[in-house]
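Here's the structure we're looking at; comments come further down.
The values are calculated or read from the model by the stated rules, or taken from the named source; none is laboratory data. Since the model is a prediction, treat every value here as computed from it, not as a measurement. For neighbour counting, all protein chains shown are included, and Cβ atoms are generated from backbone atoms with ideal geometry for every residue, glycine included.
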């Protein structure tokens, strides 16, 4: 397959500003085959067995425990609606990770127009299944029901799929 720019008029199929020297139907067939292989390799499904022990019906949020900076942290909220990771200052102190804190104030706004000013940032290693990731958290000093909140980018970067219905989070390795 020969790849050319738009100014080469001898090409037939065009995708993303590039033209390819094959017919559009041939290119679509190749891409479909590639997509099927990717879907088969990374297919994640949930079934009733994943919800064992969950009382239904429910409207519960997804709360997990997670290994963070050599500490097993309970009450970690998985929040696909959030765009920042949040950790309580109290938890950072309990982890004895104070030396990693970077003083930096940010104002975070919630969907209800309330806001909170952070007291700093910290980068901590998170361990989820076989995924190890340096994760940036915004630190807050307040009373909330969770020790940490993990955001949508963390969910996507670790390739996990949360299910609030089944109260479980799955990774491609499972």
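Go through (1) part of a loop (DSSP other than H, G, I, E, B); (2) modelled with pLDDT of 90 or more for residue 46 and report which single condition fails.
The one condition residue 46 does not meet is (2).
Looking only at residues in segment 111-128 that are assigned to a loop (DSSP other than H, G, I, E, B) and in contact with a strand residue (DSSP E or B) (Cβ under 9 Å, 6 or more places away or on another chain), which one is surrounded by the fewest Cβ atoms within 10 Å (Cβ to Cβ)?
From segment 111-128, those assigned to a loop (DSSP other than H, G, I, E, B) are 111-114, 118-119; that's our starting set.
With in contact with a strand residue (DSSP E or B) (Cβ under 9 Å, 6 or more places away or on another chain) added as a condition, the list becomes 118-119.
Numbers: 118: 20, 119: 17.
If we take residues in segment 111-128 being assigned to a loop (DSSP other than H, G, I, E, B) and in contact with a strand residue (DSSP E or B) (Cβ under 9 Å, 6 or more places away or on another chain), then 119 is surrounded by the fewest Cβ atoms within 10 Å (Cβ to Cβ).
Select from segment 75-108 the residues that are touching a residue at least 12 places away in the same chain (Cβ under 8 Å) and either loosely packed, with under 12 Cβ neighbours inside 10 Å or part of a helix (DSSP H, G or I) (or both) and list them in ascending order. Spell out how you get there, then give the answer.
The first filter runs over segment 75-108 and keeps only residues touching a residue at least 12 places away in the same chain (Cβ under 8 Å), leaving 75-92, 94-95, 97, 100-106, 108.
Listed by number, the residues that qualify are 81, 83, 89, 90, 91, 92, 94, 100, 102, 103, 105.
Taking the condition modelled with pLDDT under 85, out of contact with any strand residue (DSSP E or B) (no Cβ under 9 Å at 6 or more places or on another chain) and either in the same structural domain as residue 153 (by TED's automatic domain parsing) or under 18 Å from residue 155 (Cα atoms) (or both), does residue 62 pass? Quick ask: steps written out before the conclusion?
Details: modelled with pLDDT under 85: yes; out of contact with any strand residue (DSSP E or B) (no Cβ under 9 Å at 6 or more places or on another chain): no; either in the same structural domain as residue 153 (by TED's automatic domain parsing) or under 18 Å from residue 155 (Cα atoms) (or both): yes.
Against the criterion (modelled with pLDDT under 85, out of contact with any strand residue (DSSP E or B) (no Cβ under 9 Å at 6 or more places or on another chain) and either in the same structural domain as residue 153 (by TED's automatic domain parsing) or under 18 Å from residue 155 (Cα atoms) (or both)), residue 62 does not qualify.
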